[in-house]
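Working notes, beginning with the structure itself.
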Amino acid sequence: MKTDALSRYQARFARLAAGPAPVGELLEGVGDVLRRSDRLGTEGVEEALKGLGRPEVEAWLRAQKPQALQPLLLRAAEESMEAALGEAGDEAELWRASALEGLAARDRAASAARALITWELLKGPLEGDAAAARERFLGALGHLDTSLRPRARWFIPLNAERRAECDLLDPVERPGAWWFSARAGCDDLVATWTGKPLKDPAHLKDCAACRADRVDTAVVDTPPRRHLTDDELWRLDAGEMGREEKARVEAHTAQCGECAQAVLALEEGDAAIDEALELEEEGMSAPRAARDSRADGARRPGAARLPEHREVLEERRDFRVVLVRERQRVRLLVQPLGSRPVTAAVFLSPGRPSLKPTQGPEGLSFDLSTAVATGAHAAHLTVQAGQETLERDIAF
């Protein structure tokens, strides 16, 4: 997308009169022109569409898989951020060009959909299975836009090129083409991520979307204090903490309910052991659980008292999302519940790469431990199962 945008569309317009072309290429070219008719005109467009036969259009529709655009756009979002936050140079330009190709793919699908609707006006509506295929195609594009449009901030680093593309669209087309138009004026949001000078400081104050994004990323800029580690809890229980460190722990547990419960569990465990010892001294049989608690505690510091903690973040018909906290490890688990295949992606806060899942017996697992170690405490999760998509920001 490095060449002049208008010249590219003019070349596609000229291609329509050059002779037969594959159905998909012709529909995309016609749609490109129809959506930019104020700049390009529409001469010869109807003739090109009338040359498409019904069997050809129906076969093309059956072959469409618009859901494949989702991973393409998610990858484009990551590449866009790489271009913005990496060092300037050839590598950054390669990231930018690749990200722009992802946006162009979504735009070509919009053009094909527009041309298909116009073809039906000229040749008559599709019927039966073909009509159902058309509805699936258009519906899948709409579902994709509903799930990804709120993430348009990821494409802000491409705003110069996006604005150039948006300006060529007819005014009525611009709002729907969110991949080019949404957040196209929010350049300074990226400056807040990179520390570069602001071009228009007033924008960040006046733009509701930018204000909301800055609130969302505040947890990354000023991350919350981590939870107490197993080692800290063990040293607290063993009386090995100094006065200052113990004071910090007490201040933390006064504000953190989860750590307060962990400390309370230690105190209850000690009380149970003391009670068992008193019973033994009196010649009575101590409860097995108390004896085991004492023995296991010497062999496995913290393990018996600090089990794995699971928090269900989301549950749908076909999948469940669980945040799992283990000893020195945090992971996000996406568990399939139905027969539909489940895919998932986790993107960390702006400026950090996406996480790669591992497939295990419980489902897709994303290890967040490394992210925590580098200072990340928030992420964006996308889960796809059939036609259902979950988009959610999580904190960990």
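The values are calculated or read from the model by the stated rules, or taken from the named source; none is laboratory data. Computed from a predicted structure; not experimentally measured. Here the Cβ positions follow ideal geometry from the backbone for every residue, glycine too, while neighbour counts run over all protein chains shown. Just so you know, the surface numbers come from the protein's heavy atoms only, side chains and all, with ligands and any DNA or RNA stripped out. Shrake-Rupley method; radii C 1.70, N 1.55, O 1.52, S 1.80 Å.
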message: Let me confirm something: among Ala92, Ala133, Ala191, Ala97, which residue is part of a helix (DSSP H, G or I) and under 30 Å from Glu46 (Cβ atoms)?
response: Ala133
message: So in the stretch 163-186, with the set limited to residues that are charged (D, E, K, R) and not in a helix (DSSP H, G or I), which one is nearest to Ala209 (Cα to Cα)?
response: Arg183
statement: Taking the stretch 79-108 and the residues there that are surrounded by fewer than 20 Cβ atoms within 10 Å (Cβ to Cβ) and hydrophobic (A, V, I, L, M, F, W, C), the one that is modelled with the lowest pLDDT would be Ala88
query: For the stretch 29-36, does any single residue satisfy the condition of being modelled with pLDDT of 90 or more and open to solvent by 40 Å² or more (accessible area, probe 1.4 Å)?
result: no
task: Out of the residues in the stretch 41-71 that are aliphatic (A, V, I, L, M) and open to solvent by less than 30 Å² (accessible area, probe 1.4 Å), state the one that is farthest from Gly124 (Cα to Cα).
output: Leu69
message: Name the single residue that is nearest to the chain's Cα centre (by Cα) among those in the stretch 41-74 being of a type in the set (Asp, Glu) and in a helix (DSSP H, G or I).
response: Glu58
